[in-house]
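Remarks on the structure that follows.
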Amino acid sequence: MELLEEHRCFEGRQQRWRHDSTVLNCAMTFSIFLPLTENPPVLFWLSGLTCNDENFTTKAGAQRIAAELGIALVMPDTSPRGDDVADDAGYDLGKGAGFYVDATEQPWARHYRMYDYIRDELPALVQSQFAVGERCAISGHSMGGHGALIMALKNPGKYVSASAFAPIVNPTQVPWGQKAFTNYLGEDEAKWLEWDSSALMLASSSANAIPMLIDQGDADQFLAGQLQPAVLAEAARQKDWPLTLRIQPGYDHSYYFIASFIEDHLRFHAEHLFG
């Protein structure tokens with residue numbers, strides 16, 4: 001592990017680290033905010049298309065409330081990186097667009113295993129290198145909201161709560177997801193369902209339900225064509241899953257939207273991390 005940056009922030013420490021990832025076969029960076037609290041619980045934040053580990057760190061304004069609540073924040077990158085990592089000319093595939101799945105198709109399969117990285121390797125690294133607690137929650141934005149939801153739905157008992165801003169909730173049915181899944185997972189659409197939070201919700205057991213909070217701006221340019229949160233809300237209704245979907249008037253897809261409501265999400269997670 002190599003420390004790239006460290007800053008005092010609301011009496012805590014904001015750091016950026018580089019490490020060699022066995023899962024992704026490349027060097028990876030992640031950011032972490034460490035409050036003064038002893039053995040704080042952890043909130044993992046997954047960012048969206050074109051982002052890296054710094055977008056949330058510098059734009060969301062989350063550290064002040066995380067410091068007050070005593071929650072550590074872990075912000076990974078959105079894809080593998082490096083000169084030998086496969087890429088695409090489009091912003092919605094390749095570097096910056098890992099979609100938090102484990103790719104099975106070439107040339108992606110060698111590096112694009114973001115699901116395993118977020119589920120296993122990164123949490124184990126954080127636990128071994130930092131004085132944090134074992135309780136954790138997960139959140140994210142857009143593609144990262146998709147990642148947060150599938151992480152929670154595919155791993156019962158791992159997270160105490162999950163939340164998302166403007167998530168892609170039905171990727172098998174929208175252009176972003178269809179492009180990514182065709183390339184990363186192949187043509188068999190049945191396999192795509194394993195990475196679709198709406199399908200996972202419908203296949204879930206209510207015994208494994210955890211609280212979920214979703215915020216969606218009604219001025220989001222991607223709402224109708226790519227996001228469609230009502231699909232997941234209907235699946236949650238059918239499964240009696242404790243999901244709260246809030247439609248926020250006038251808000252778009254930007255980090256201004258996230259900054260406006262991140263305090264609500266942190267307090268929501270604190271109820272369950274410390275409950």
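The values are calculated or read from the model by the stated rules, or taken from the named source; none is laboratory data. Everything numeric here is computed off the predicted structure, so don't read it as measured data. Quick reminder, even Gly has a Cβ in these numbers, built from the backbone with ideal geometry, and neighbours come from all protein chains shown. The area values use the complete protein model at the heavy-atom level, side chains included, leaving out ligands, DNA and RNA. Shrake-Rupley method; radii C 1.70, N 1.55, O 1.52, S 1.80 Å.
A few comments on the model shown:
- Flag for E105 being in a loop (DSSP other than H, G, I, E, B) and either farther than 25 Å from N183 by Cβ or among the small types (G, A, S) (or both): no
- Just one of the listed residues (M114, M28) is out of contact with any helix residue (DSSP H, G or I) (no Cβ under 7 Å at 6 or more places or on another chain) and under 19 Å from F181 (Cα atoms), and it is M114.
- Residue tally, condition in a helix (DSSP H, G or I) and open to solvent by 50 Å² or more (accessible area, probe 1.4 Å), over segment 252-271: 6
- Residue in segment 61-83 that is open to solvent by 20 Å² or more (accessible area, probe 1.4 Å), touching a residue at least 60 places away in the same chain (Cβ under 8 Å) and polar (S, T, N, Q) present: no
- The set of residues in segment 99-135 being over 23 Å from V85 (Cα atoms) and open to solvent by less than 10 Å² (accessible area, probe 1.4 Å) consists of V126 alone.
- Elements of type helices (runs of 4 or more DSSP H) contained in segment 144-231, each with 2 or more residues being open to solvent by 10 Å² or more (accessible area, probe 1.4 Å) and touching a residue at least 60 places away in the same chain (Cβ under 8 Å): 175-185
- Selected residue (criterion: most open to solvent (accessible area, probe 1.4 Å)) from residues of segment 34-49 that are at pLDDT 95 or above and of a type in the set (S, T, N, Q): N39
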